[in-house]
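Q: Sharing a structure here in structure tokens format.
The values are calculated or read from the model by the stated rules, or taken from the named source; none is laboratory data. Treat the numbers as computed from the prediction; the structure is a model and nothing was measured. Neighbour counts are summed over all protein chains in view; Cβ atoms, including those assigned to glycine, are modelled from backbone coordinates with ideal geometry. Surface areas here come from the heavy atoms of the whole protein model, side chains and all, with no ligands, DNA or RNA. Shrake-Rupley method; radii C 1.70, N 1.55, O 1.52, S 1.80 Å.
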Amino acid sequence: MSSLVLYGNRLSGHSYKVRLALVLGKVAHEYRNVALSTPRAERPADFRAASRWDEVPALVVDGVAMVQSNAILQWLAESQGVLAGQPGERQALREWLSWESNRIGLSLPNLRYARRFEPQPAEVEAWLEQRCRADLDVLDAQLATQDYLLAGGLSVADLSASAYLWWAADAGIDLQAWPH
């Protein structure tokens, strides 16, 4: 049995999606909270050794560190069978993970950050909100035709795309406009 340690923070959607995959996949792991308010150079040495870019999440499997939430999710799906989708859905899963990192995983968390933690110029916030709304339109359209992003059911793609939706109100986004 492998030894897994996940470094994360409860306010990070990227940490959330990896932790949720581990929990839903019933993968035994140790969770270590990383205080994001602590300057990077002062964070615990074991975390800094595990996280190449001093970011959460970082997953250490038998002493080997992995970073970037969607790369970790893909590893969990492919090597551990965690919410991997059905046979024949691997490419669609990769596509949704890539879409998330470039679209909703960029727009919503950055809009949240701008509105909750560090205000940005009005033009930047407007661009982020416009992009976020377009991204939510894509998700809503996909989920209007089926319950999950992949036809085969719940997968790590769903966890990835939903990670920051929990904090949509922090970004000033009311999700009632997207019922699916």
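Q: Restrict the check to the range 34-47 and report whether at least one residue is in a strand (DSSP E or B) and out of contact with any Lys or Arg (no Cβ under 6 Å at 6 or more places or on another chain).
A: Checked against the condition, which is being in a strand (DSSP E or B) and out of contact with any Lys or Arg (no Cβ under 6 Å at 6 or more places or on another chain), the range 34-47 yields no hits at all.
Q: Do we find a residue being touching a residue at least 40 places away in the same chain (Cβ under 8 Å), more than 16 Å from residue 159 (Cα to Cα) and surrounded by 18 or more Cβ atoms within 10 Å (Cβ to Cβ) anywhere in the range 41-48?
A: Looking through the range 41-48, at least one residue is touching a residue at least 40 places away in the same chain (Cβ under 8 Å), more than 16 Å from residue 159 (Cα to Cα) and surrounded by 18 or more Cβ atoms within 10 Å (Cβ to Cβ).
Q: Run down 2, 15 and say which single residue is open to solvent by less than 80 Å² (accessible area, probe 1.4 Å), touching a strand residue (DSSP E or B) at 6+ places or on another chain (Cβ under 9 Å) and closer than 26 Å to residue 134 by Cα.
A: From the options 2, 15, the qualifying one is 15.
Q: Now for a different question. Please report, ordered by residue number, the helices (runs of 4 or more DSSP H) entirely within the range 50-117 with at least 2 residues that are within 22 Å of residue 36 (Cα to Cα).
A: Here the list reads 69-80, 104-116.
Q: For the range 122-159, what are the residues that are more than 16 Å from residue 178 (Cβ to Cβ), open to solvent by 70 Å² or more (accessible area, probe 1.4 Å) and free of Cβ contacts under 8 Å to residues at least 12 places away in the same chain?
A: Result: 122, 123, 127.
Q: Quick one: in the range 71-121, which of the residues that are touching a helix residue (DSSP H, G or I) at 6+ places or on another chain (Cβ under 6 Å) and among the basic types (Lys, Arg) is least open to solvent (accessible area, probe 1.4 Å)?
A: 112
Q: Considering 150, 128, which residue is under 24 Å from residue 21 (Cβ atoms) and touching a helix residue (DSSP H, G or I) at 6+ places or on another chain (Cβ under 7 Å)?
A: Exactly one residue qualifies, and that residue is 150.
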